[in-house]
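Some notes on the structure that comes next.
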Amino acid sequence: TVARLRPFGSTIFAEMTELAVRHDAVNLGQGFPDTDGPASMLAVARAAIADGLNQYPPGRGMPVLRQAIADDRARRYSTAYDPATEILVTVGATEAISAAVLGLVEPGREVVLIEPYYDSYAAAIALAGARRRTARLVPDGDRFVLDLDSLRAAITPETRMLMVNSPHNPTGSVLDRADLTAIAEVAVEHDLLVLTDEVYEHLVYDGTEHISISTLPGMRERTIVVSSAAKTFNVTGWKIGWACAPAPLLDAVLTAKQFLTFVGGGPFQPAVAHAINEELDWVLAQRDGLSDKRTRLSAALRDSGFGVATSYGGYFVCADIGPLGAEDGLAFCRELPARLGVAAVPVSVFADHPADYKHLVRFTFSKRDETIDEGVRRLRTGI
Ligand code: PMP
Ligand code: GLN
């Protein structure tokens, strides 16, 4: 392995899911649902295959999907993106993120992440030969909040891009308008690009509002919006994601994307277009169901003795193992599948300052109630 990728080894999700399979554990580690998305969407995908939509789709993605994404951004965020030049379909949000960094950040320049951060961000930056710095989410009562001083301190003359992720993996925090405004001001002041990862854009709880930083003053022109069908329509295996950005920025993303995968997911594209156009009520019901699951898992973890931060969005809840008398989340998660038949993910692997997050483990509630209940039952037997 080349030096710049050596620190990455295999992902924590692969490691923990492999342990889960080996020990027949309840997998509350990797964030993916164990139920299917809307039936009408699955039917469109089956029909697309039967109808022969099995060759390379257009490089920017099928027009029907780009139009659906444009209509959705216009309807829900009042931002206009031209489907011909400002929307790109990618192989999941993961490819959009990598292609954006490869296409827009020169080697040696810096990208600022909000720590803890989703693991692919750091790897994408390494692939590009760029460097990362971090702003910090810090505990405040039972939630995590952005430390704005750490954001300002992370900016240097070499900074090219800020990455924002809200709703946030792994903490479940959702950035509010004040935080997003402060981030936007930093971006404008230092003339930075902003990549906003909104894969959990629909999944916000307790009346929390998801605000896209792309909608704030001065931001559309410098922002790459990234999202995905994976978590919205329960199709993590389809790998249909997208990027929306002004044409010159999107062209740079496309240039890199062409040589990563060229295109992907042909027959799934019309199915996702259908879902975006027709199944938003399904998504709202799904969101409400996830909100209940979050409450169910959080309460059960608290009852079992964990300290639990409130999750306001996404798939995850962060739990403090300190009250259990444990302190190393990585060791805890490595032994949990064999010891109690449950898999979770240590938060320290999402951090450049792992000591600060060592006591935290991430559980997903994106599972059937029976799965969550069985996981909790197992935890209770031995914690
Ligand atoms: N960003 C975040 C914050 C995620 O949690 C994930 C995992 N779904 C991704 C990106 C990757 O999305 P995709 O599966 O569409 O590549
Ligand atoms: N996004 C999911 C998670 O954070 C799964 C990611 C993956 O397996 N690469 O758990």
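The values are calculated or read from the model by the stated rules, or taken from the named source; none is laboratory data. The shown structure was predicted, so the numbers you read here are calculated from the model rather than taken from an experiment. FYI the Cβ positions are ideal-geometry reconstructions off the backbone, even for glycines, and counts take in every protein chain you see.
The single condition among (1) small (Gly, Ala, Ser); (2) more than 16 Å from ligand 2 (Cβ to nearest atom); (3) within 26 Å of Ala154 (Cβ to Cβ) that Ser227 does not meet is (2). Residue pairs whose Cβ atoms lie under 7 Å apart, separated by 6 or more positions or on different chains, with the first residue in the range 117-133 and in contact (Cβ under 8 Å) with a residue 40 or more places away in the chain and closer than 20 Å to Thr171 by Cβ and the second aromatic (Phe, Trp, Tyr) and buried (at least 20 other Cβ atoms within 10 Å of the Cβ), are Tyr117/Phe350; Tyr118/Phe350; Asp119/Phe350. Comparison of Ser291, Ser311 shows that the only residue that is buried (at least 16 other Cβ atoms within 10 Å of the Cβ), away from ligand 2 (no atom under 16 Å from the Cβ), closer than 14 Å to Asp206 by Cβ and touching a residue at least 12 places away in the same chain (Cβ under 8 Å) is Ser291. Here are the criteria: (1) out of contact with any strand residue (DSSP E or B) (no Cβ under 8 Å at 6 or more places or on another chain); (2) surrounded by fewer than 20 Cβ atoms within 10 Å (Cβ to Cβ). Tell me which single one Pro270 does not satisfy. Only one criterion in (1) out of contact with any strand residue (DSSP E or B) (no Cβ under 8 Å at 6 or more places or on another chain); (2) surrounded by fewer than 20 Cβ atoms within 10 Å (Cβ to Cβ) is unmet by Pro270, namely (2).
Contact map, the range 235-263: first residue outside the structural domain of Glu201 (by TED's automatic domain parsing), second residue aromatic (Phe, Trp, Tyr) and near ligand 1 (Cβ under 9 Å from one of its atoms), Cβ cut-off under 7 Å, separation 6 or more or different chains; the map is empty.
Please enumerate the residues belonging to the range 46-93 that are of a type in the set (Gly, Ala, Ser), assigned to a helix (DSSP H, G or I) and either within 16 Å of ligand 2 (Cβ to nearest atom) or under 23 Å from the mean Cα position of the chain (by Cα) (or both). Those that are of a type in the set (Gly, Ala, Ser), assigned to a helix (DSSP H, G or I) and either within 16 Å of ligand 2 (Cβ to nearest atom) or under 23 Å from the mean Cα position of the chain (by Cα) (or both): Ala68, Ala70, Ala74, Gly92, Ala93.
With respect to Ala96, is the statement that it is within 16 Å of ligand 2 (Cβ to nearest atom), among the small types (Gly, Ala, Ser) and more than 21 Å from Pro346 (Cα to Cα) true?
For Ala96, the condition - within 16 Å of ligand 2 (Cβ to nearest atom), among the small types (Gly, Ala, Ser) and more than 21 Å from Pro346 (Cα to Cα) - is met.
Mind checking whether some residue in the range 175-187 is assigned by TED's automatic domain parsing to the domain that holds Ala252, at pLDDT 95 or above, crowded, with 23+ Cβ neighbours inside 10 Å and not in a helix (DSSP H, G or I)? Yes, the range 175-187 contains at least one residue that is assigned by TED's automatic domain parsing to the domain that holds Ala252, at pLDDT 95 or above, crowded, with 23+ Cβ neighbours inside 10 Å and not in a helix (DSSP H, G or I). One residue stands out among those in the range 157-172 that are part of a loop (DSSP other than H, G, I, E, B) and touching a Lys or Arg at 6+ places or on another chain (Cβ under 7 Å): the one that is surrounded by the fewest Cβ atoms within 10 Å (Cβ to Cβ), which is Glu158.
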